[in-house]
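Below: the structure, in C-alpha cells.
The values are calculated or read from the model by the stated rules, or taken from the named source; none is laboratory data. All values reported here derive from a predicted model rather than from experimental measurement. Don't worry about glycine lacking a Cβ; one is built from the backbone with ideal geometry, like all the others, and counts go over all protein chains shown.
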Amino acid sequence: MPHSTAPAPVTIIWDWNGTLRDDVQDHLDALNATLPDLGSEPITLERYRAEHRTPIRAFYDALLGRTLDDQQWHDADAAFQDELAWHPVRLQSGARDLLLRLRAQGVRQSLLSLSQHDRLLTEVGKTGISGLLDRIDGRHEPVVGSKAPAMARHIAALGTAVDPARTLVIGDTVDDALAALSVGAVPVLHTSGLHSPQRLATPGVPVADNLEAAVETGLSIINSVQQERQ
C-alpha cells in the first residue's frame, strides 16, 4: 500500500483591530477627536469604512485633501493614540469562546497586526486570550504600507510545520486579503470591521458576516482542497 502522509494541522492567523478586537467605533471616535485641530469636520462611520487605508498617514491626507507635514502628522497621531487609549479593550461577541473551541479541536492560532507591537501585547493581554495564541506579532517599524512583508515573516516564524495552503487568515480589510494571498494562505474577510462590505468584495475572496461564519467558510475551503489532493 502507498504511504500516506497526514496533512499539516490547520493554522488560523487572526487580525486584531476590527477583527478580534471590537473597536471600529473607537477608531472613528479617536479620529474625529483629532480632525477639528486639522481644520476638518468629523466624518461618519460609513465614510471611515469606505476610505480607511494604510499607512494611516495617507488616510489622513485623503480625508483632508492635503498632505500633512511631519509635525502635523506627529501631533495628529499622538492625539489619536491618546484618545484611543481611553477606550476599553473589547473582543468581538463570541470571539473568546470561538478561540477556545478551535484550540480544543487542535487548530493552531496566532495573531498578526499592524498595531505597534508592545501596545498590541498589552491589549491582547487584557482580554485573557494570549494563552490561546501560539504567536503574537505587531508592528516594529514606524510606518507600514502593506501587511504582506509582515505576513511572510509571521508565517516563517511559526515554523516549517505550517503549510500556507492549510493556513486561514481572517481579517477585516482588503490588505488582510492581499497579505494572505501573497504567501499562499486562504483569506476570509468579515464585515464587522474597518472596511465596508463593498470594499471587501474587491479582491474577490470569501466574505462572511461574523467571525464564526468566517472560520466555517475558511475551514470548508481548506478541507475541500485537501480532498482534491487525495
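Miscellaneous remarks
- Of residues in region 113-143 being assigned to a strand (DSSP E or B) and not basic (K, R), the one nearest to T54 (Cα to Cα): L114
- Residues satisfying the stated conditions in region 11-54, i.e. in contact with a strand residue (DSSP E or B) (Cβ under 9 Å, 6 or more places away or on another chain) and modelled with pLDDT under 95: T54
- Selection status of R90, of a type in the set (K, R), surrounded by fewer than 19 Cβ atoms within 10 Å (Cβ to Cβ) and in contact (Cβ under 8 Å) with a residue 60 or more places away in the chain: yes
- If you filter region 104-115 down to residues that are farther than 17 Å from D163 by Cα, polar (S, T, N, Q) and crowded, with 16+ Cβ neighbours inside 10 Å, you find that the one that is nearest to the chain's Cα centre (by Cα) is S113.
- Of the helices (runs of 4 or more DSSP H) lying entirely inside region 144-230, those containing at least 3 residues that are exposed (fewer than 14 other Cβ atoms within 10 Å of the Cβ) and out of contact with any Pro (no Cβ under 7 Å at 6 or more places or on another chain) span 148-158, 211-229.
- Flag for D82 being over 21 Å from D172 (Cβ atoms) and either in contact (Cβ under 8 Å) with a residue 24 or more places away in the chain or hydroxyl-bearing (S, T, Y) (or both): no
- Any hit, region 106-115, residues being of a type outside the set (V, I, T), modelled with pLDDT under 95 and over 25 Å from A30 (Cβ atoms): yes
- The criterion of at least 2 residues that are closer than 25 Å to P149 by Cα is met, among helices (runs of 4 or more DSSP H) falling completely within region 1-112, by 24-34, 45-51, 56-64, 70-85.
- Remark: pairs (first residue in region 152-173, closer than 28 Å to N210 by Cβ and outside the structural domain of L114 (by TED's automatic domain parsing); second residue buried (at least 22 other Cβ atoms within 10 Å of the Cβ) and aliphatic (A, V, I, L, M); Cβ separation under 8 Å; 6+ apart in sequence or on different chains) are absent.
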